[in-house]
Every structure is written in C-alpha cells, then in structure tokens.
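What follows is a set of notes on a single structure, which appears directly below.
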Amino acid sequence: MKLRLFALVLGLVCAPAWSATGVAFVHGTGAQTDAYNDYWTGSFVNSVRQGLPNTSKYTVVNCDFEQYMWDSAAAGCLAGELHSFITSQGIDDLVVITHSNGGNVMRWILSNPTWDSRYPTIINNIRWVNAVAASSLGTPLAEAVMQGNVFEQSLGWLLGYQSDAVRMQQPSWMASYNSSWLKGTSGRPALPVGFWNVIGSDVISAIWDGDAYCGGYQYQVGLEFTQNWLDSCSDGFLDCSSQAGAGNVWFYDTQATSSELSHHQSRRPCHGLDVILRNDL
Amino acid sequence: MHTLIRYTAGLLLVISVTAGAQTVELLALEPGDLRPESLVTADRATAADSLNQTAETIRFTQPIGTDPAAAGAEGLKPYLAESRQYWTDANPADLEAGVELPLSAPGALVRITPLEATGKTSLDLQQLELTLDGRLLKPKRDLELITTGTQLRAASLNVTPGTIAFRIRESAGAGLLTVRSTADTDSRGDNPLVVHVFEPDSPVVARVSLPKQDYLAGETLHFGLALTDGDRVFEADSIQAVITDPSAQRTWDLSATENGRALEGALPATDAGHPAGLWEAQIYVEGRIDGKQVRRDIPVAFAVTLPTARLNGQAAPTGDNGLNIGLGVEVAQAGRYQVSGTLYGSDSTGQSVPIARAETAAWLDPGNGELSLDFADSLLEDFSGPWTLRDLRLADQGRLGLLEYRGRAVTISLD
C-alpha cells in the first residue's frame, strides 16, 4: 500500500504533459440519432475504445448524412461534434474512425479548412483517420438507383426518391468533387492528416460458412446480389478501388482479419476488426 | 474546341510590383488554364445564394512534406464515363403489355423497382412472365440470384421493398427479353416503375469522355463518344443526349457530331442552376452489333459556375513573415471566394520542389478585393528561390464553383 502510494505521488510529481487521446466514430449514409446502437452497436464501440489510455475519451457522432457532405446538417454537424469533443475533453490526439460515406464527410472537413473556422482546430488535433469501407470514388449502386429514362419522364421525378447523399455518391459526381473540392485522390493534393483505408474485398454468404453470420446473415444475401454490379473485388456495396481511392491503404481485410469483411460487417466486431482498430489507438 | 475561357494574346496579366523585399509577378495564361472572359453582374443574372455565409477570413497552410507527389498534379482533370447498362421507365399498364429489354450478352442483371413504397404494384416473380426471343424462361432453370427489395435494402441499396431483381443464367443466353405481368388488373396498382438492366459480361461498352468537369456558364461543351467492344468502334443507330441542370427539371439538347463520335452543345450564358448539385449529361445510345440490339445509357456529371469573379491581374507582396502574396480579385456579385495555390522553391540540390499549399477564403463584395496566400518563414528555411506559385485556383466557395485556374501562376523573387 505504501509503495503504491509512493509510486502514485512520484508519478504525479514527475508526470510529463501527456497528450489526451480520443476516438470518434463517424457513421455512413443515413440520419442517425443513436448511431451507438443502431449503426455500430455497443459491442463494437466498447471493444475499440478499450485501446484508449482513458477509455471514456470517445464520442459516437450522430448527424444527418442523407445530405450533401458540405451541408450544415452533415459536415456542419460533424464539425460541431468533433470540435466540442476536442475542446471540452482536451483532446489533442484524435483518431477518427469513419465508415462508408462518413469518410467523404470527414474528407470534406480535411480538404476545406477555410470553409468553417472550426475546421482548422479539428484538423490540427487529428492524429489520423481510419476510413473503413470509405466511399471515396462513389459506387455504381448509387447510379443504379438514381437514373431513369429522361425521354419518357422528366428526370426530376426520380430525385425525390433518393437522398442527396446517394446522388452525391454516383461515380461521376464523386469524380467531380474529388477533382475540385476534395483532396487525397490520385493526382490531387494530399490530405493534411493520414487517411488510412480498411478495405473489404468480398461477401461471404454461403449458408454453411460461419463467417457469413457475423453481423447478421440477412445482410449478406442482398450484398451478394449487389456485388454483381461491382468489380470482382468489392464488399458488396463499394468496389475496392473506391475504398482505396483516397489517402493510403492500411490493409485489405484478408491481410489482417480472419475473413473477408462485407460492407455491413465492417461496422461490426467481425473477424477481429475491432481488435485491430483498438490496438491502433 | 473554342471556349469562353481561352487566354487572349495581349491580355494584360503580367504585372510586376516591387515592394519591400519581394517582387511578385503574375504570369500570362497558358493553354489548359481557365478564366472568365467577362463577369456576370446582378443586373444580367443574380447568382444563387451562397451556401456558405461565413464572413470571417480563414487562412490555412499545409506543408507538402518530402513526397512531391503530395502536391498533386497540375491541370484540370479529364473524366471518362463507361456504361454497360440502361434504364427504362414503365407503368403497370406497360408491364401488362410486356416491357421489352434488349440483352446483348448472357448473364444480364435485371432490377424492376416500383417507385412508391406504398403503392399497390406487387412484383412477384410468380406473376411475371419472362420470355427471351419468344422462349419462355423458367425461374429455377433460367434465373439465379433472385433477390427482393427487402434484401437489397439490407444491403444498403435504397429501393422500395416491392423491388425484384434477378440474373439471367448464362445458359439462357441473350436476345430480346420481354417482361410481362400476369397479375389481374385489380392488383396491378398504379405505381410507376423503373427497370434497370446491367450487362456485366457484355464486351460492348459506351464511353463518354470529358476534357474536364469544371465549366463556366456559356462555355461550349464537346464530349467524345464511342460505342466499342474494345477492338471495334461501332456506329450507333440512335444517339439522344441532353444536359440537365442540378434540379434535373430543365434540359438542353446536345448534338451528335463527327459521325456520332462527339457530342456538342452550349451551356446557358447566365445560368448555373442551384449550387447544391451538379449538371449532368444524359446520353442514350442504341445500336445493332453482331446481330444483337444494344442499348446503353451514360449519365455523367460536371460542375457549372456563374462567372462572378476573376483575378484582376494585380499581384503584390503583403505581410512580412515569409512569402505573402496578395492577389487582386474583381468581384461582380458578393459571395465567399477562395484562392489556393502551391508554393515551389529550390531544395539544397537546386531542384524545384513543392513546399506548401495555402488557401484563403473570405467574403468579398462587388468591386476589387484581395485574397492573400501566406507561407511563413518557418516553411521556407530549407529552401531558396526562385519561387513560383502553381496550381492556382480561384473558386466561388459558397456556390461550389471553380472560377479561374492557372497551372503556373506567379513568380516571386526576394531582392
């Protein structure tokens, strides 16, 4: 007891100014009010945050990513939550974990530091972004659901059936935004912080394969069909090329996890992903 | 292609100003640069409200680091769109009569989506008759990957639950697919439908090439078009093309030229549409290749900006911490404008390398204003002149539009 008390006092007297590490979870397309339960699940969040020196230093963002990425309800909301987390918790070493379109909204902030006075503060306190299944080059699936035949109907009639976020994630739309407003893709200026991609490369849906059941088998069935709209390397929603389109590749699922990660499984504690993200903190 | 934005010989853009220890020279425009020939004032056309009403001037400078590739490449990027797919709209009456879908290769994916989630239209494979060149297809024998809307929604594909999708087995081949509803009239509903056909295994692809994706209102569009199997380029029987504004409510025609190898049209001179959203070219191509009818739809997006500001040719040193470059901006309509550029200098070997990228945004009112790019002394310690500013962009930040681009923009010398 004495020894522990002495050690405690010694530690307090001699402690260096450690940085405060935090982690933020940024969801994908959709308007979230309870992303902790609805998007990530508590088991995923709670597993990852065990890697923090102080496990309470985490935040799960809830914003409306049905909007265009620059919208006040999207990047504005994300900036508000991250800025508040950073300033109220004294975070100066923030790891941001994004999923899917959340990577695009985060990349908007990183690429446009002069859009909002909060953005530079956020950028300057981020260690790096771990972008899981990022929609950096968009997806053909967004184009599939947005289009119709203009000669038989006014094109505008289809817009009301899909969100601005889906419209934005069509490949030619993302190409336009990547060429002028987003950084980090090929031929563009680099992002100001590391943007490390985790890439899902396949959908396991065989009924006899236990790997198909993590996160819920029902999600794998539809993803197996949607894979046919995509390249041979895809997570069922995004081509691997899109997931790797901005920043740098951290790893493909088969390089580090115990099985392939579908687009749904990459936001669940599946195949050891949560452990990898935890250890990265 | 002649566009609105070509530099004009003799246009005075070179101004040298010596002030203090710096001489800043704005260089003449070069091929591939972008600049409005004239500005649109509010009395001609009022620009849309800025999406960003922030009045505060915000500056940010980002060191490039040791990898020159981190500076990015100069120039406006071209874009190539490819398609092996098409869409067709239908209604329940069309489905009752039979919707014809040409398939040019085996293994086609077909998705039929009723657009209203609460509509009566029910898509049940048991109530759909599928024939291929008149031959009846049997689901168990000829289809695979039969998937419902509910399953697709679980895969993050936002379609209505009543959607049905399937793949034609390779063994069933290709030809004219007819999809006909056998449901009775009372249960067919009145729900509009979209039918989407994707042929992943077809060698025939339609390609549309854009020289860039950033245009100014009034520019002439010239896109390349090809229907090809990689070895052969085919002549299309039919080419229809329009451009749409971001609302998708208004369209303008594109004309097929150069024997169907190009599409041309003009953007409205004083209309860029709402800044939230992009313009699109919608291109519909049909042809007959190796005896099979081929349909391809190619949607491709691009940005259009109302020219409300441009660099006015003034370039001067400002500040006294490192290199500070003030760029004059002629503003026709108020908005939040942004300038960005990459500073190059010489490293210890004398090689020109990128050092840092700076950007500044501020609200500017009509008249002549200034935006400066700042590179602090601490960034320049390991470098020397000659200094150049490259990849210079002036953007209407609040309306998400690129106004002016210069690959090689400014030289700075320290006296």
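Some notes on this structure:
- Across the stretch B:336-350, a minimum of one residue is classified as in contact (Cβ under 8 Å) with a residue 24 or more places away in the chain, under 24 Å from the mean Cα position of the chain (by Cα), farther than 22 Å from B:L26 by Cβ and open to solvent by less than 10 Å² (accessible area, probe 1.4 Å).
- Among the conditions (1) within 27 Å of B:A276 (Cβ to Cβ); (2) buried (at least 19 other Cβ atoms within 10 Å of the Cβ); (3) of a type outside the set (A, V, I, L, M, F, W, C); (4) modelled with pLDDT of 95 or more, A:S186 misses just one, which is (2).
- Test: residue in the stretch A:26-43 that is surrounded by fewer than 16 Cβ atoms within 10 Å (Cβ to Cβ), in a loop (DSSP other than H, G, I, E, B), modelled with pLDDT of 95 or more and not polar (S, T, N, Q): yes
- Candidates A:L261, A:L238, filtered to the one that is more than 13 Å from chain B (Cβ to nearest Cβ), within 19 Å of the chain's Cα centre (by Cα) and open to solvent by less than 10 Å² (accessible area, probe 1.4 Å): A:L261
- Test: residue in the stretch A:217-234 that is within 14 Å of A:R267 (Cα to Cα), within 19 Å of the chain's Cα centre (by Cα) and at pLDDT 90 or above: no
- In the set (1) under 32 Å from the mean Cα position of the chain (by Cα); (2) of a type outside the set (F, W, Y); (3) closer than 22 Å to B:P102 by Cα, the condition left unmet by B:D142 is number (1).
- The single condition among (1) more than 9 Å from every other protein chain (Cβ to nearest Cβ); (2) surrounded by 16 or more Cβ atoms within 10 Å (Cβ to Cβ); (3) modelled with pLDDT of 90 or more that B:S122 does not meet is (3).
- Residues that are in contact with a strand residue (DSSP E or B) (Cβ under 7 Å, 6 or more places away or on another chain), more than 14 Å from chain A (Cβ to nearest Cβ) and not β-branched (V, I, T), drawn from the stretch B:381-415: B:F383, B:S384, B:G385, B:P386, B:W387, B:R406, B:R408, B:A409, B:S413, B:L414, B:D415
- When B:A241 is tested against the conditions (1) open to solvent by 50 Å² or more (accessible area, probe 1.4 Å); (2) part of a strand (DSSP E or B), the lone failure is (1).
- Extreme residue, nearest to the chain's Cα centre (by Cα), among residues of the stretch B:154-171 that are more than 7 Å from every other protein chain (Cβ to nearest Cβ), surrounded by fewer than 24 Cβ atoms within 10 Å (Cβ to Cβ) and not small (G, A, S): B:T160
- Which listed residue is over 22 Å from A:Q169 (Cβ atoms) and within 12 Å of chain A (Cβ to nearest Cβ), from B:Q249, B:Q293, B:Q314, B:Q240: B:Q240
- If you go through the stretch B:330-352 and keep only what is away from chain A (no Cβ under 14 Å), under 24 Å from A:P189 (Cα atoms) and in a strand (DSSP E or B), you end up with B:G345, B:S346, B:S352.
- In this structure, B:T251 does not qualify as open to solvent by 10 Å² or more (accessible area, probe 1.4 Å), over 19 Å from the mean Cα position of the chain (by Cα) and over 30 Å from B:E170 (Cα atoms).
Table: residues versus (1) more than 7 Å from every other protein chain (Cβ to nearest Cβ); (2) closer than 30 Å to B:L371 by Cβ; (3) of a type in the set (F, W, Y); (4) open to solvent by less than 10 Å² (accessible area, probe 1.4 Å).
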position: A:W108; (1), (2), (3), (4): yes, yes, yes, yes
position: A:P113; (1), (2), (3), (4): no, yes, no, yes
position: A:S117; (1), (2), (3), (4): no, yes, no, no
position: A:R127; (1), (2), (3), (4): yes, no, no, no
position: A:A131; (1), (2), (3), (4): yes, no, no, yes
position: A:S136; (1), (2), (3), (4): yes, yes, no, yes
position: A:P140; (1), (2), (3), (4): yes, no, no, no
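- For the stretch B:268-283, the set of residues classified as buried (at least 22 other Cβ atoms within 10 Å of the Cβ) and closer than 30 Å to B:A236 by Cα consists of B:L278, B:W279, B:E280, B:A281, B:Q282, B:I283, listed by residue number.
- Options B:A70, B:A81; residue that is open to solvent by less than 50 Å² (accessible area, probe 1.4 Å), among the aliphatic types (A, V, I, L, M) and within 30 Å of B:T270 (Cα to Cα): B:A81
Results for (1) of a type in the set (A, V, I, L, M, F, W, C); (2) in a helix (DSSP H, G or I); (3) without any contact (Cβ under 8 Å) to a residue 24 or more places away in the chain, shown as yes or no for each residue.
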{"position": "A:D202", "(1), (2), (3)": "no, no, no"}
{"position": "A:A206", "(1), (2), (3)": "yes, no, yes"}
{"position": "A:Q220", "(1), (2), (3)": "no, yes, no"}
{"position": "A:D231", "(1), (2), (3)": "no, no, yes"}
{"position": "A:E260", "(1), (2), (3)": "no, no, no"}
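- Unmet requirement for B:T57, which otherwise passes all of (1) at pLDDT 95 or above; (2) touching a strand residue (DSSP E or B) at 6+ places or on another chain (Cβ under 9 Å); (3) open to solvent by less than 30 Å² (accessible area, probe 1.4 Å); (4) not charged (D, E, K, R): (3)
- Of the residues screened, A:T226 is one that is open to solvent by less than 10 Å² (accessible area, probe 1.4 Å) and in a helix (DSSP H, G or I).
- Contact map, the stretch B:50-76: residues that are at the interface with another protein chain (Cβ under 7 Å from one of its Cβ atoms) and among the aromatic types (F, W, Y) paired with residues that are buried (at least 20 other Cβ atoms within 10 Å of the Cβ) and not in a helix (DSSP H, G or I), Cβ distance under 8 Å, separation 6+ or inter-chain. Pairs shown: B:F60/A:P113; B:F60/A:T114; B:F60/B:A358; B:F60/B:E359; B:F60/B:T360.
- Meets criteria (closer than 25 Å to B:G75 by Cα and part of a strand (DSSP E or B)) for B:L227: no
- Among the residues of the stretch A:209-234, those identified as away from chain B (no Cβ under 11 Å) and closer than 17 Å to A:L137 by Cα are A:C233, A:S234.
- Residue match in the stretch A:70-83 (condition: touching a His at 6+ places or on another chain (Cβ under 8 Å) and either open to solvent by less than 30 Å² (accessible area, probe 1.4 Å) or closer than 22 Å to B:T54 by Cα (or both)): no
- Qualifying residue in the stretch A:168-184 (condition: hydrophobic (A, V, I, L, M, F, W, C), part of a loop (DSSP other than H, G, I, E, B) and touching a residue at least 60 places away in the same chain (Cβ under 8 Å)): yes
- B:T308, sole failed condition from (1) in contact (Cβ under 8 Å) with a residue 40 or more places away in the chain; (2) open to solvent by 30 Å² or more (accessible area, probe 1.4 Å); (3) polar (S, T, N, Q): (2)
- Test: residue in the stretch B:95-116 that is over 21 Å from B:R295 (Cβ atoms), open to solvent by 60 Å² or more (accessible area, probe 1.4 Å) and free of Cβ contacts under 8 Å to residues at least 12 places away in the same chain: no
The values are calculated or read from the model by the stated rules, or taken from the named source; none is laboratory data. Just so it is clear, the structure is predicted and the values come from calculations on it, not from any experiment. We place every Cβ from the backbone using ideal geometry, glycine too, and count neighbours over all the protein chains shown. For accessibility, only protein heavy atoms count, side chains too; no ligands or nucleic acids. Shrake-Rupley method; radii C 1.70, N 1.55, O 1.52, S 1.80 Å.
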